Structure formats: C-alpha cells, structure tokens
Amino acid sequence: MLLTDKYFGTSFFNPHGGGDPVLYQHVFWFFGHPEVYIMILPAFGIISEIVPTFARKPIFGYKAMVYAIASIAFLSFIVWAHHMFAVGLPLGADIFFMYATMLIAVPTGVKVFNWVATMWGGSMTFETPMLFAIAFIILFTIGGFSGLMLALVPADFQYHDTYFVVAHFHYVLVTGAAFAIMAATYYWLPKWTGHMYSEFWGKVHFWCSVVFVNVLFFPQHFLGLAGMPRRIPDYNVAFANFNMISSIGGFLFGASQLIFLGVIVHCVFFSKKKAADRVWESAKGLEWTVPSPAPHHTFEVPPVVHDEELAHGHVND
C-alpha cells in the first residue's frame with residue numbers, strides 16, 4: 001500500500017487523495033502487536049519447563065497455564081490500538097482497547113502465580129537455568145506492571161512516545177524473551193552437545209547480565225516520566241545523567257554476552273565433562289530418555305508415553 005501510494009498514485013495513506021495516515025498505524029500495529037506476543041509465548045513455555053525441574057515439583061495448575069497461554073494468544077489480536085491512544089480515536093475505541101489491554105493482565109498474572117506456586121515448598125536448587133528463570137519471573141513482572149500503567153488511556157497521554165515506553169518494552173522483551181532464551185540455552189546445551197558447560201562462568205554471566213540490564217533500562221523509566229521523548233537524535237542536558245548511567249549499563253550488558261558466547265564455545269569444543277543422559281535429575285520430557293547428544297534417529301519406534309512414566313523417565317515402545 002505504501003509502494004502504490006508512492007509510485008502509482010493511490011491514496012491509502014495520503015490525505016490529499018482521501019486517504020488516512022492513521023490507517024497506516026492500524027495496519028502496522030494489527031501486525032506488530034501480535035508479533036511481540038509471538039516472541040514472548042515461547043518464553044512462557046521455556047520457563048514452564050525449567051521451574052518444575054529445579055523446584056522438583058510438577059507445574060502448579062497445568063490446565064490453567066494452558067488456558068492462560070491460549071487467552072493471551074487470543075487477546076493479542078484485539079489490543080493493537082493501545083499504541084494509538086494519542087491519535088484521536090473515538091472514546092468508545094479508547095475504552096475498548098484500554099479494557100482489553102488490562103484484561104491481558106489476568107492470564108499473565110495466572111502464569112506468574114503458577115510459577116511462584118510451583119517453587120513454593122519445592123526442593124529448589126539454583127543452577128544457571130533456574131537463576132535466569134527466576135530473574136525472568138521478577139523482571140518480566142516489572143515490565144508487566146509498567147504495561148498495565150500504559151494501558152490506562154488518561155495516563156498514556158503522559159507516557160506515550162517517551163522513554164517510559166522504551167523501558168517497559170525492554171523489560172518485557174530483554175529480561176523476558178531474551179533471558180528465557182538464555183535459560184533455555186543453559187538448560188538444553190548439555191543435551192545438544194553431550195558436554196557440560198562451566199557452571200561457574202554461567203553464573204558469572206547471569207549476575208553480570210541481571211545487574212547491568214537493570215542499570216541499562218531502569219533509569220529510562222525516570223527519563224520517560226520526566227518527559228524525554230523517544231526517537232530523538234539529541235536531548236536536553238537535564239536528561240544527561242540518567243542517559244549516562246543507561247549507556248554504561250548498555251555497554252556492560254553487551255560485554256556480558258561475550259561471557260555467554262565463551263561458555264557456549266567452551267562447552268561445544270573444549271569441555272571434557274560428559275553430560276549424562278538425564279542431565280537434570282528431575283527433568284521431564286522425551287529428550288532426557290535418550291543419550292546426550294541425542295542420536296540422529298532418536299526413536300526407531302514411536303514411543304508410547306504415559307504421564308506417570310514420563311515423570312520417572314520410563315518410556316514404552
């Protein structure tokens with residue numbers, strides 16, 4: 001539609017021909033908002049695998065977790081215009097998208113509650129995947145709270161297009177999706193490679209990441225509340241101090257990922273410590289019933305799985 005507006009004289013978004021630039025925002029966010037949920041939903045699945053393993057308990061409220069994921073997936077398609085509260089939408093549209101956005105907090109809260117309830121009373125250990133999973137739950141929840149603030153139409157007029165939105169977005173997708181991917185890498189890396197990674201350097205990577213990611217993004221909440229807009233090449237000197245702190249956090253968080261790269265390279269090419277078939281004693285899933293690394297033809301005969309047997313690592317052919 002943009003290309004035909006530019007080269008063929010159409011007017012989808014050009015007001016001079018009867019088009020509407022706000023239509024572009026609708027079309028873009030109708031795609032762009034479900035996209036961010038596509039990025040976070042796999043992270044929910046990863047955390048739901050890791051937390052029960054290291055809490056040594058089954059996931060609390062399994063069916064509620066499944067319904068929550070389905071609800072979030074559905075709601076993600078009907079909240080796109082909460083990015084557009086400042087464009088002059090009709091009051092009815094503002095109210096609909098505000099309440100629909102706030103509604104997402106319910107299934108998300110169910111998931112956070114279930115992860116915490118899974119850990120409650122469990123026999124927990126704190127290997128690197130579990131540390132990243134716990135950091136995910138805490139920091140993703142902070143991002144969720146700021147998202148709830150942004151869902152409120154009157155408040156959003158202040159927050160809109162400020163660094164508060166940048167802070168919210170990155171708490172959801174860096175300490176959310178990216179931390180979950182890191183947790184998954186540490187969790188399955190021994191199974192992929194057949195060798196154990198360095199737990200010491202994994203924890204060094206974790207603590208560097210969790211400290212510096214907060215140094216990077218937390219000050220941006222204050223910048224946004226003070227009125228610093230997004231997407232500008234320069235800013236008022238009054239914002240300089242928090243921006244300096246954020247920049248330092250950014251460089252150090254980026255440097256911390258070199259540790260992550262080093263851990264992976266060492267595990268793949270240099271580690272002498274062989275991984276057991278069941279790397280984590282309480283892990284559930286078919287991958288833990290085969291050798292590490294998994295053979296190319298994992299099962300000659302499709303396995304018949306029963307939940308109780310899978311919990312103890314037994315699979316019937």
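The values are calculated or read from the model by the stated rules, or taken from the named source; none is laboratory data. Bear in mind the structure is a predicted one, so any value in this text is a computation, not a measurement. FYI the Cβ positions are ideal-geometry reconstructions off the backbone, even for glycines, and counts take in every protein chain you see. Keep in mind that these areas ignore ligands, DNA and RNA; they rest on the heavy atoms of the full protein, side chains included. Shrake-Rupley method; radii C 1.70, N 1.55, O 1.52, S 1.80 Å.
Among 225, 173, 286, the sequence by solvent-accessible area, most first, with a 1.4 Å probe is 225, 286, 173.
Between 0 and 90 degrees, the angle of helix 91-103 with respect to the longest Cα principal axis of the chain falls at about 10 degrees.
Once you reduce region 114-150 and region 219-282 to the center of their Cα atoms, the two points are 18 Å from each other. Using the Cβ-Cβ distance between residue 7 and residue 215 with R0 set to 45 Å, the FRET efficiency works out to roughly 0.45. Amide H contacts for residue 162 (H built 1.01 Å from N in the peptide plane; partners 5 or more residues away or on another chain; cut-off under 5 Å): 230.
In a fully extended conformation the segment linking residue 290 and residue 231 would gain 16.3 nm over its present Cα-Cα distance, using 0.36 nm per residue. Considering only alpha-carbon pairs that sit under 8 angstrom and 6 or more positions apart, the relative contact order computed for region 1-72 is 13 percent. Scanning residues 5 or more positions from residue 195 or on other chains, those with amide H under 5 Å from its amide H are 275, with H placed 1.01 Å from N in the peptide plane. Cross-link partners of residue 63 among lysines, defined as those whose alpha carbon lies under 26 angstrom from its own and excluding same-chain residues fewer than eight positions apart: 111, 284. Each label point was placed 7 Å from the Cα along the Cα-to-Cβ direction; for residue 248 and residue 14 their separation is 5.1 nm. What lysines sit close enough to residue 273 to cross-link, taking a C-alpha to C-alpha distance under 18 Å and skipping anything fewer than 8 places away on the same chain? Excluding near neighbours in sequence, the set is 191, 203. The simple Förster model, with R0 at 30 Å and r as the Cβ-Cβ distance, assigns residue 277 and residue 35 a FRET efficiency of 0.20. Here region 59-133 has 79 percent of its accessible surface on carbon and sulfur atoms, given a 1.4 Å probe and all protein chains in place.
Backbone geometry of region 35-44 corresponds, through the Karplus equation with coefficients 6.51, -1.76 and 1.60 at θ = phi - 60°, to 3J(HN,Hα) couplings of 4, 5, 6, 4, 6, 8, 4, x, 4, 4 Hz, x marking Gly and Pro. Annotation: residue 125 carries an accessible surface of approximately 40 Å², with a 1.4 Å probe and no ligand, DNA or RNA atoms counted. Highest-first packing order for the peptide set 12-25, 258-271, 197-210 is 197-210, 258-271, 12-25, based on the mean count of other beta carbon atoms within 10 Å. One chain, two ends: residue 240 and residue 297. Fully extended at 0.36 nm per residue, the span grows by 14.8 nm beyond their Cα-Cα distance.
Based on protein heavy atoms only, the chain ends up with 53 Å² per residue of surface accessible to a 1.4 Å probe. The distance from the alpha carbon centre of region 37-68 to that of region 181-198 is 19 Å, rounded to a whole number. Taking 7 Å steps out from each Cα toward its Cβ at residue 86 and residue 201 produces label points 4.5 nm apart. The listed residues 169, 251, once ranked by accessible area (1.4 Å probe) with the largest placed first, stand as 251, 169.
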